[in-house]
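Structure first, then comments.
The values are calculated or read from the model by the stated rules, or taken from the named source; none is laboratory data. Treat the numbers as computed from the prediction; the structure is a model and nothing was measured. Here the Cβ positions follow ideal geometry from the backbone for every residue, glycine too, while neighbour counts run over all protein chains shown.
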Amino acid sequence: MPKKTLRLILGDQLDEQHAWFRHTDPNVTYILMEVRQETDYVKHHIQKVAAFFVAMRAFAARLQKLGHRVIYIHLDDPENRQSFEENLELTIRNEGVSHFEFLNPDEYRLDRQLKDIAERLALPWKIRDTEHFLTDRDAIAIQFAGKKRYLMESFYRRMRKEFDILMEHGKPVGGKWNYDVKNRKPYDGKVPIPEPLIFNNNVTDIVETIESSGVRTFGKIRPERFIWPIDRSQSLALLKAFLKDALPRFGTYQDAMTTQSWALFHSRLSYSMNTKMLHPMEVIGAAMIEWERREEISVQQVEGFVRQILGWREYMRGVYWDLMPDFSEMNFFNHDAALPDFYWTGDTRMACLKAAIGQSLEHAYAHHIQRLMVTGNFALLAGVHPDAVDEWYLGIYIDAVEWVEKPNTRGMSQFADGGRIATKPYISSARYIHSMSDYCRDCHYRHKEKFGDHACPFNALYWEFFARHRDRLASNPRIGMMYRTWDRMKEKERILNRAGALRQHLNSL
Ligand code: FAD
Ligand code: SF4
């Protein structure tokens with residue numbers, strides 16, 4: 001009897017360059033499945049569910065075209081048992097499978113589940129590396145062993161040296177590791193914002209199936225003109241468009257927010273990378289070639305971009321594996337408020353939140369500063385339970401997979417880890433939002449006021465946050481100054497009263 005191997009491919013493992021696919025073998029069958037266990041663990045944006053399924057279908061078709069044997073279980077197949085375990089058991093029986101293999105899952109939940117399933121199958125089984133990441137899962141645990149907090153900057157510098165990216169004779173190109181001072185400008189209209197490249201994919205069939213199967217989703221979609229890339233060739237086209245149009249200004253405007261554009265100079269490549277249709281090193285390599293080729297691209301632009309992928313992306317993954325599973329329970333401030341209703345509708349008079357949530361519902365996308373300093377900032381100031389915040393971010397974004405969503409949300413944005421990732425909470429009053437965006441211009445609220453019916457809610461909530469969490473924050477050397485300012489303020493009581501009223505009526509702001 002020849003050895004018959006079944007290889008499982010998860011929805012975020014769509015990497016046709018993986019060694020698995022280098023040769024065809026009639027005794028190897030690949031299996032992909034659309035299952036309710038994956039659509040239902042949180043409520044997802046309809047575009048996210050559609051994007052993963054359509055990309056999986058395209059990937060299965062591509063493998064078949066390359067000569068591989070593929071089993072694809074659709075969401076509405078009558079035989080679909082809607083869980084990995086049951087579908088695998090059935091397939092193994094029906095196909096006479098003798099060996100089972102899978103690629104390292106990137107989520108803790110699936111990592112545990114697949115190992116448990118493999119143990120129970122009573123077959124020889126093997127795990128392979130996804131060949132996607134540039135570091136091992138334990139890279140952060142090793143580098144920061146025994147330290148109280150991690151430090152992205154030292155991780156990033158190590159990565160630059162190790163991979164010899166933007167280095168010259170052992171020194172950073174341009175003489176600096178970091179160009180943040182030159183970067184991070186508000187959008188000033190000096191250069192036009194590129195029109196985002198979108199794809200007019202027809203995903204009507206998939207959306208009908210998702211809806212008729214009763215999967216609970218939210219958000220908007222135009223199924224006949226689905227904008228996100230669904231395969232590697234579209235992902236490469238998105239990369240090319242980014243390099244041509246947006247990389248030359250990426251660093252300068254990476255923290256800017258404007259009502260004039262939902263994507264500004266961002267790449268929107270996170271979904272393509274997180275599904276592994278693109279490899280992070282091929283994205284970094286392409287940016288380096290573009291920078292070397294075009295004089296008008298300064299080092300500050302390309303460094304800003306490289307830092308996100310070589311630095312933040314790998315760093316967050318390492319943090320995730322170091323902190324899980326306890327990470328999911330962390331709630332440093334003991335926050336317990338519910339997420340305001342307008343996070344699901346965009347129906348609020350606060351112009352910044354309306355813009356950030358509105359475009360998230362429209363496109364399943366917001367760029368980093370919108371996620372961190374608008375929606376994340378407000379949730380933290382409002383004292384929302386980190387579980388609710390995590391659930392929202394995991395559901396709403398096209399690129400949301402837990403290994404990168406959780407460290408960004410629960411760690412960086414909500415400080416629920418007590419400062420392992422960030423040295424102080426990412427909170428701000430209206431001052432920061434006003435300085436980095438045009439949102440305040442047409443807002444119902446006044447960005448300079450702290451109390452009164454029209455005062456911007458961020459202002460009172462910001463100061464009240466410090467007052468409320470004094471016992472946890474006063475000893476933080478990066479925050480001490482804020483307490484000295486607060487202690488000198490004459491309007492403390494009015495601010496606290498305003499904040500109390502706001503927190504009681506979050507849903508109607
Ligand atoms: P660009 O601005 O063009 O950046 C290029 C690439 O760098 C991104 O595609 C991404 O792969 C990487 N990158 C940038 N910032 C980060 C970061 N902080 N962590 C990890 N990688 C980064 N990113 C996700 O991929 N999935 C998520 O679920 C996710 N959730 C987030 C939740 C919160 C609260 C915050 C503050 C950030 C989150 N991020 C997440 C990180 C970041 O916001 C997105 O990666 C980015 O906005 C994706 O858009 P882009 O591809 O246009 O990024
Ligand atoms: Fe947001 Fe306040 Fe500015 Fe309105 S005034 S846009 S609520 S920061």
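Looking at the range 345-372, which of the residues that are in a helix (DSSP H, G or I), surrounded by fewer than 24 Cβ atoms within 10 Å (Cβ to Cβ) and without any contact (Cβ under 8 Å) to a residue 40 or more places away in the chain is nearest to ligand 2 (Cβ to nearest atom)? Restricting to residues being in a helix (DSSP H, G or I), surrounded by fewer than 24 Cβ atoms within 10 Å (Cβ to Cβ) and without any contact (Cβ under 8 Å) to a residue 40 or more places away in the chain, the top hit is K354. Being in a helix (DSSP H, G or I) and either at pLDDT below 95 or hydrophobic (A, V, I, L, M, F, W, C) (or both) is a condition met by no residue of the range 122-137. Against the condition among the acidic types (D, E) and in contact (Cβ under 8 Å) with a residue 24 or more places away in the chain, how does D336 come out, does it pass? So D336 fits the description; yes.
Of the residues making up the range 52-73, not a single one is at pLDDT below 95 and either touching a strand residue (DSSP E or B) at 6+ places or on another chain (Cβ under 8 Å) or closer than 20 Å to K406 by Cα (or both). Residues in the range 329-344 that are away from ligand 2 (no atom under 14 Å from the Cβ) and touching a Phe, Trp or Tyr at 6+ places or on another chain (Cβ under 9 Å): F332, F333, L339, Y343, W344.
Conditions (1) surrounded by 15 or more Cβ atoms within 10 Å (Cβ to Cβ); (2) within 16 Å of ligand 1 (Cβ to nearest atom), marked per residue:
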| site | (1), (2) |
| --- | --- |
| I427 | yes, yes |
| A430 | yes, no |
| S437 | yes, yes |
| N459 | yes, no |
| D471 | no, no |
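Listed here are the residues, each with its yes/no results for (1) part of a helix (DSSP H, G or I); (2) over 18 Å from the mean Cα position of the chain (by Cα); (3) small (G, A, S).
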{"position": "S233", "(1), (2), (3)": "yes, yes, yes"}
{"position": "A241", "(1), (2), (3)": "yes, yes, yes"}
{"position": "A246", "(1), (2), (3)": "yes, yes, yes"}
{"position": "M277", "(1), (2), (3)": "no, no, no"}
{"position": "E292", "(1), (2), (3)": "yes, yes, no"}
{"position": "I297", "(1), (2), (3)": "no, yes, no"}
{"position": "Q301", "(1), (2), (3)": "yes, yes, no"}
{"position": "G304", "(1), (2), (3)": "yes, no, yes"}
{"position": "R307", "(1), (2), (3)": "yes, no, no"}
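I140 falls short on exactly one of the conditions (1) at pLDDT 95 or above; (2) closer than 29 Å to D322 by Cβ, and that condition is (1).
Scanning the range 75-106 for residues that are part of a loop (DSSP other than H, G, I, E, B), crowded, with 18+ Cβ neighbours inside 10 Å and under 29 Å from the mean Cα position of the chain (by Cα) returns L75, Q82, P105, D106. Would you call P477 assigned to a helix (DSSP H, G or I), away from ligand 2 (no atom under 16 Å from the Cβ), out of contact with any Lys or Arg (no Cβ under 7 Å at 6 or more places or on another chain) and not basic (K, R)? Answer is no for this residue.
Q37 - would you say it is surrounded by fewer than 18 Cβ atoms within 10 Å (Cβ to Cβ) and part of a loop (DSSP other than H, G, I, E, B)?
No: the conditions fail for Q37.
Considered as a group, the residues in the range 3-21 that are touching a Lys or Arg at 6+ places or on another chain (Cβ under 8 Å) and under 16 Å from V54 (Cα atoms) include one that is surrounded by the fewest Cβ atoms within 10 Å (Cβ to Cβ), and that residue is E16.
Pick from E391, E405: which is out of contact with any Gly (no Cβ under 7 Å at 6 or more places or on another chain), part of a helix (DSSP H, G or I), surrounded by fewer than 20 Cβ atoms within 10 Å (Cβ to Cβ) and not hydrophobic (A, V, I, L, M, F, W, C)?
E391
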